[in-house]
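The structure appears below as structure tokens.
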């Protein structure tokens, strides 16, 4: 394996319980994890680091995931950044909206275990 640098997941989630579960799963899967708990903090953080993938919740304090996704995808240097929406919002319209805004994948929290989510992340990054 030539490239042994860990891939970085930027986890954008405000629920401490879910942060704990998902970050543990991603670490166990060999990723490094950055955590952002408030929507308004993601864009300044992206000035400093470029993650390999963002796992984005929709319902967040300060700025929701829709707006974050819109802003990320409107910036030329982030247009290829992979974003998985991980949300409890599971209506067909919301899933379609996420994909239309440029999400790589839309996962509904209730339908996936943290292990399955880590697997999805691996698949996308391989």
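Values in this text are rule-based calculations from the coordinates and carry no lab data. The structure presented is a predicted model; accordingly, all values stated were derived computationally and were not measured.
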Query raised in the report: Tell me, what is the Rg over Rh of the chain, with Rh the Kirkwood radius over Cα pairs?
Result: 0.93
Report task. Note down the relative contact order for the range 1-84 as a percent, whole number, built from C-alpha pairs under 8 angstrom at least six residues apart. Result -> 32
Report summary line: Most fluctuating of 98, 39, 90 in the GNM of the chain (C-alpha, under 10 Å) is 90
Report summary line: Whole-Å distance linking the alpha carbon centroid of the range 80-98 with that of the range 17-41 is 18
Requested in this report: Taking every pair of alpha-carbon atoms in the range 75-126, give the share separated by more than 16 Å as a whole percent.
Outcome: 43
Query raised in the report: Which of 73, 105, 92 moves most in a GNM of the chain, Cα contacts under 10 Å?
Result: 92
